[in-house]
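Working notes for the structure below.
The values are calculated or read from the model by the stated rules, or taken from the named source; none is laboratory data. Because the structure is predicted, anything quoted here is derived from the model rather than measured. Cβ sites come from the backbone with ideal geometry, for glycine too, and all protein chains shown count toward neighbours. In case anyone asks, the SASA skips ligands and DNA or RNA and just uses the protein heavy atoms, side chains included. Shrake-Rupley method; radii C 1.70, N 1.55, O 1.52, S 1.80 Å.
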Amino acid sequence: MSTAMNFGSKSFKPRAPDKGSFPLDHFGECKAFKEKFMKCLRDNSMDNSKCRLQSKDYLQCRMDNQLMAKEPLEKLGFKDLMDAPPSQDTKP
């Protein structure tokens, strides 16, 4: 006798994750951007307002590599940084 229960013909239908949920970067495609962002946070006592360029670059990398849904950076709070060049680590 089978103990499996059949609840009709309903099948699992995958759906996109909720906003804010995204795949892990298993292949390290954005690892360098993440490390720059984390270093900036550590160097600035975890004050993320001082690391917005690094944050923007990291999110852009994730979108470019399909690790999160593409969103306009303006919608993610970076409107004031849109004309800024990519961040560069100038500290030794």
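Across the stretch 23-56, the number of residues qualifying as in a helix (DSSP H, G or I) and within 10 Å of the chain's Cα centre (by Cα) comes to 3.
The set of residues in the stretch 1-25 that are within 24 Å of PRO72 (Cα to Cα) and modelled with pLDDT of 70 or more comprises PRO23, LEU24, ASP25. From the list LYS50, LYS36, LYS56, LYS31, which one is at pLDDT 90 or above and in contact with a Phe, Trp or Tyr (Cβ under 7 Å, 6 or more places away or on another chain)? When all the criteria are applied, what remains is LYS56.
Taking the stretch 23-58 as the range and being open to solvent by less than 90 Å² (accessible area, probe 1.4 Å), in contact (Cβ under 8 Å) with a residue 40 or more places away in the chain and in contact with a helix residue (DSSP H, G or I) (Cβ under 7 Å, 6 or more places away or on another chain) as the test, only ASP25 passes.
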